[in-house]
1. For the condition modelled with pLDDT of 90 or more, surrounded by fewer than 16 Cβ atoms within 10 Å (Cβ to Cβ), assigned to a helix (DSSP H, G or I) and of a type in the set (Lys, Arg), what is the one hit in LYS57, LYS23?
2. Of the residues that sit in segment 110-127 and are part of a loop (DSSP other than H, G, I, E, B) and of a type in the set (Gly, Ala, Ser), which one is farthest from ILE91 (Cα to Cα)?
3. Check off (1) at pLDDT 90 or above; (2) under 23 Å from PHE12 (Cβ atoms) for TRP170 and give me the number that stays unchecked.
4. In segment 132-160, which residue that is over 13 Å from the mean Cα position of the chain (by Cα) and hydrophobic (A, V, I, L, M, F, W, C) is surrounded by the most Cβ atoms within 10 Å (Cβ to Cβ)?
5. Based on what the data block shows, is SER72 touching a Phe, Trp or Tyr at 6+ places or on another chain (Cβ under 9 Å) and closer than 29 Å to SER154 by Cα?
6. Quick one: what pairs do we get from segment 89-101, first residue assigned to a helix (DSSP H, G or I), second exposed (fewer than 11 other Cβ atoms within 10 Å of the Cβ), C-beta under 9 Å, 6+ apart or different chains?
7. Among SER65, SER29, which is the only one that is of a type in the set (S, T, N, Q), out of contact with any strand residue (DSSP E or B) (no Cβ under 6 Å at 6 or more places or on another chain) and either surrounded by 12 or more Cβ atoms within 10 Å (Cβ to Cβ) or more than 16 Å from ILE119 (Cβ to Cβ) (or both)?
8. Taking segment 68-88, which residues are surrounded by fewer than 17 Cβ atoms within 10 Å (Cβ to Cβ), of a type in the set (Phe, Trp, Tyr) and at pLDDT 95 or above?
Amino acid sequence: MAMKLILSDRPFHIPIKNVDSIKFIDLSSLEIANCVGCFGCWTKTPGKCVIRDDAVKIYPDIAKSDTLLYISRLKYGGYDTVMKTMLERAIPVQQAFLRILNGEIHHVQREVVPKKATIIAYGAMDREERDVFEHLVERNAYNMNFESYQVIFSEESQLEETVKNEVKKWEKS
């Protein structure tokens, strides 16, 4: 069964009709430590982070989801802290081995389902910051196994409505 995953840097009250196939995770409510760069997930415990916190429950969901919705405040052209920390901690879904993909070197995925991703960035931002973020998502798409993706920018006052509209699209598909 296909799994759809919503990772958010803040809580939302989104009515989700099909709770069996859509999972919402509020990262701000979890304990997620920073990656320490030990590469234990590649050498000591392949595919598993050596840090035992809430992140170890999340990155397997990222790997097996075929549809993703990331919701993050835009900060300096990148994901805000809690989302960036989680995405860095998802490195166990990749292997230490490298491959050539579209003429570039990227890590081999560890049973990662190809994904349709939507990234909603919100907060105060100018055109340059949006451009930097779009480029970041484009570069990350290879290592996150996005077969397609879109970036949506939202004012914070419109964020909940923007998120609800994206989730409604999922319910129709």
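The values are calculated or read from the model by the stated rules, or taken from the named source; none is laboratory data. These numbers were taken from a predicted model, which means no experiment stands behind them. Here the Cβ positions follow ideal geometry from the backbone for every residue, glycine too, while neighbour counts run over all protein chains shown.
1. Working: LYS23 fails: assigned to a helix (DSSP H, G or I).
Of LYS57, LYS23, the one residue that is modelled with pLDDT of 90 or more, surrounded by fewer than 16 Cβ atoms within 10 Å (Cβ to Cβ), assigned to a helix (DSSP H, G or I) and of a type in the set (Lys, Arg) is LYS57.
2. ALA124
3. The single condition TRP170 does not satisfy is (1).
4. Top of the filtered list is PHE133.
5. yes
6. Note: pairs meeting the criteria are VAL93/GLU111.
7. Criteria check complete, one pass: SER29.
8. Scanning segment 68-88 gives no hits.
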